[in-house]
Amino acid sequence: QVQLVESGGGLVQPGGSLRLSCAASGSIFSINTMGWYRQAPGKQRELVAVTTSGGITTYADSVKGRSTISRDNAKNTVYLQMNSLKPGDTAVYYCNAVIKMSFSNPFRTFWGQGTQVTVSS
């Protein structure tokens, strides 16, 4: 199986910064995209940022210019650096990865357990 383990969430004041990390482990043959989604109370889960294995990145308009997604392919790890955080960024942040577990298997989508980010004074 495959596990995605997130870390780095917490409580931060408005204007502050956080760095989220997500490490994929287990039966991994190849990883396509890795990224971050978030879900605030009463709202649907939404894309925050995603990166391909080749380094192409996509950001939600709401975080563009304030966040940077990066990836260490050797460590199967994706990072999300978030700056100038706002109360509206408060949500549970989920790591997402599209992974092929063996040569003969198709790509499958995996999710982490989520990490809480709270932006409040």
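The values are calculated or read from the model by the stated rules, or taken from the named source; none is laboratory data. What you are looking at is a predicted structure, and each value in this text was computed from that prediction instead of being measured. Glycine gets a Cβ as well: all are built from the backbone with ideal geometry, and neighbour counts include every protein chain shown. When the accessible area is computed, the model is the full protein with side chains, heavy atoms only, and any ligands, DNA or RNA have been set aside. Shrake-Rupley method; radii C 1.70, N 1.55, O 1.52, S 1.80 Å.
By how many nm would the segment from A40 to N73 grow when fully extended, if each residue of separation counts as 0.36 nm and the alpha-carbon distance is taken off? Provide the component values of the computation, followed by the final result.
On the way: separation 33, 0.36 × 33 = 11.88 nm, distance 2.91 nm.
Gain on extension, A40 to N73, equals 9.0 nm.
At full extension, Q1 and F107 could sit 36.9 nm farther apart than now, given 0.36 nm per residue minus the alpha carbon distance. Using a simple spin-label model with pseudo-atoms 7 Å out from Cα toward Cβ, R66 and S25 lie 3.2 nm apart.
Mean projected area of the Cα convex hull of segment 1-55, taken over all directions, amounts to 5.3 nm².
How large a share of the accessible area of segment 1-120, in percent, is made up of carbon and sulfur atoms when the probe is 1.4 Å and the other protein chains stay in place?
Its accessible area is 50 percent carbon and sulfur atoms.
Each Lys and Arg adds +1 at its Cβ and each Asp and Glu adds -1 at its Cβ; summed about the Cα centre, segment 1-120 shows a dipole of about 60 debye. Largest mean-square fluctuation among N32, N76, N105, in a Gaussian network model of the chain whose springs join Cα atoms under 10 Å apart, belongs to N105.
Take the Cα atoms of the chain, build their convex hull, and give its volume per residue in Å³. It would help to have the intermediate numbers written out before the result.
On the way: hull volume 11.4 nm³, N = 121.
Convex hull of Cα atoms, per residue: 94 Å³.
Of the trypsin sites (Lys or Arg not before Pro) found in segment 30-70, those in coil by DSSP whose Cβ has at most 10 other Cβ atoms within 10 Å are K43, K64.
Normalised per residue, the accessible area of the chain is 52 Å², obtained with a 1.4 Å probe and no contribution from ligands, DNA or RNA. Over the chain, with a Gaussian network built from C-alpha contacts below 10 Å, which listed residue (I31, I56, I69) shows the highest mean-square fluctuation? Looking only at I31, I56, I69, the biggest GNM fluctuation is shown by I56.
Highest GNM mean-square fluctuation among A49, A24, A40, for the chain modelled with Cα contacts below 10 Å: A40.
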